[in-house]
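Before any comments, here is the structure.
The values are calculated or read from the model by the stated rules, or taken from the named source; none is laboratory data. Because the structure is a prediction, the values reported are computed rather than measured. Cβ placement follows ideal geometry from the backbone for every residue including glycine, while neighbour counts extend to all protein chains displayed. Just so you know, the surface numbers come from the protein's heavy atoms only, side chains and all, with ligands and any DNA or RNA stripped out. Shrake-Rupley method; radii C 1.70, N 1.55, O 1.52, S 1.80 Å.
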Amino acid sequence: MKHEKHMQKEIDRKVPSRSPISVVLRAYRPSDCSEVLRLFYDTVHTVNARDYTEEQLDAWAPEDRDLTAWDQSFQGHFALVAVEGETLLGFGDITPTGYLDRLYVHQDHLRQGIATALCERLEGLVQGPIITHASYTARPFFARRGYRLVRAQAVERRGVKLTNFVMRKDR
């Protein structure tokens, strides 16, 4: 990752957590990609299932994903993973211009401070306002972090419409 050397000093720190586990944030590595994609799929299909239909979940997080495209995307962003030992607990990424692209935590580790720690670290890596496109499920999390609703929008994934919310945090 082109930002990895700069980020490494900022990232490899333990995360204050409300759980007894010891979580470390570190820069994303290409070797993380398969596990990240598995966590993404599993999280969308479990955590987001209360807010979206099965058809929408399958369009948003299909089984067949392009590992190369995801890896290239992560390498072009500031991308972090949250790990305990060798176990991936979450991940997130933000562009240099402040678009918070992805933020996901394993379903068994929600509400333990992992998403907050990832988000704080990612927000600290860029200057200016931050924009994200939050799901119904994630919208309250971002609102608690000071993001304001800009607008609801319908996006299309694999021919299926989903609603998400453009949210902005001014700093």
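So for the chain: antiparallel DSSP bridges make up what percent, rounded to the nearest 5? Antiparallel: roughly 90 percent of the beta bridges in the chain.
Surface listing: ILE131, ILE94 arranged by accessible area from highest to lowest gives ILE131, ILE94, probe 1.4 Å. Modelling each spin label as a point 7 Å along the Cα-to-Cβ direction, I'd like the ASP58/ASP170 distance in nm, to one decimal. Taking the two extended label points, one gets 4.4 nm. When PHE165, PHE141 are compared by accessible area of protein heavy atoms, the largest-first order is PHE141, PHE165, using a 1.4 Å probe. Ligands, DNA and RNA are left out, and with a 1.4 angstrom probe the accessible area of the chain is 52 Å² per residue. Applying the criteria of a DSSP loop state and at most 10 other Cβ atoms within 10 Å to the GluC sites (Glu not before Pro) of region 21-114 yields GLU63, GLU86.
Taking Cβ atoms as reference points and 14 Å as the exclusive limit, the residues near ASN164 contribute a net charge of +3, counting Lys and Arg as +1 and Asp and Glu as -1.
On the full set of protein chains, 1.4 Å probe, figure out the accessible area of ASP66 and give it in Å² to the nearest 10. The value for ASP66 is about 90 Å².
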